[in-house]
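One structure below.
Each reported figure results from applying straightforward, stated rules to the coordinates on display, with no laboratory input. Please read all numbers here as calculations on a predicted model, not as lab measurements. Glycine also receives a Cβ, built like all others from the backbone with ideal geometry; neighbour counts cover every protein chain displayed.
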Amino acid sequence: MGNTILIILMLCLNVAVYSQPENKIYKKIIHDYVLKQSQPNFKYSSTKLIVLEDPINMRKLNTNEFSRFKEKYKKLDEYTFIDFVKKNQVGLNFDSSSFSGIDIVMVNKEQSKNWNQLYSLYPNWNGSILELSNIGFNKERDQAFVYYGFSSGPGVGGGIYIVFEKKREEWKPKKVIPAWAT
């Protein structure tokens, strides 16, 4: 019994340690691409951000497409890209509870189609639906590859792939690769 509890505790700690980089990167994306881009005097402390459980506009990549991304960022590690492709074969692993001060609501594709209903359910909604992917890492866990997109209604939106690198415990975007825009 004692060994089982010890193993469970070790597994929980391992999951917590490995989810920390993801949370830091997601926070950086929300800060740099959502909060900094907001309109003046817009208070996110009282606003809801809506995130899709599974991105609609992220093209599902396969490992054969690595060379196309490597052309755009020469330092992209193949392991990072392959990890990204593999992790995005399943649904989004995003912990919205780790964003203190920002109210994040997860919705599915069907819910995201009815904007009037979203406005009535979430009157403090900022009017954009965010898309995030799972994050791929290299073996050293100092390079990351992620997709971010947004839609603010028909014909308004865009998506990018971002390569992050960790320097002194801080994740910094090193390359933004366009995915789509309307």
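Per-structure values
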{"item": "Pair ASN114, ARG68: separation of 7 Å Cα→Cβ label points (nm)", "result": "3.5 nm"}
{"item": "Segment 50-69-segment 153-179 distance, computed between alpha-carbon centres (Å)", "result": "13 Å"}
{"item": "Cβ charges +1 (Lys, Arg) and -1 (Asp, Glu), total dipole of segment 44-182, debye", "result": "480 debye"}
{"item": "Under 11 Å, Cβ to Cβ, from TYR122 - net charge with Lys/Arg +1 and Asp/Glu -1", "result": "0"}
{"item": "Cα gyration tensor shape for segment 111-182, rounded if a/c is under 1.5, else prolate or oblate", "result": "prolate"}
{"item": "Local electrostatic count at GLU170 - Lys and Arg +1, Asp and Glu -1, tallied over other residues with Cβ under 10 Å", "result": "+4"}
{"item": "Net charge, LYS139 excluded, C-beta distance under 15 Å - Lys, Arg +1, Asp, Glu -1", "result": "-1"}
{"item": "Length-normalised contact order of segment 21-181 in % [C-alpha pairs under 8 Å, at least 6 apart]", "result": "26 percent"}
{"item": "Difference of contour (0.36 nm per residue) and Cα-Cα distance, GLU170 to ASP142", "result": "9.1 nm"}
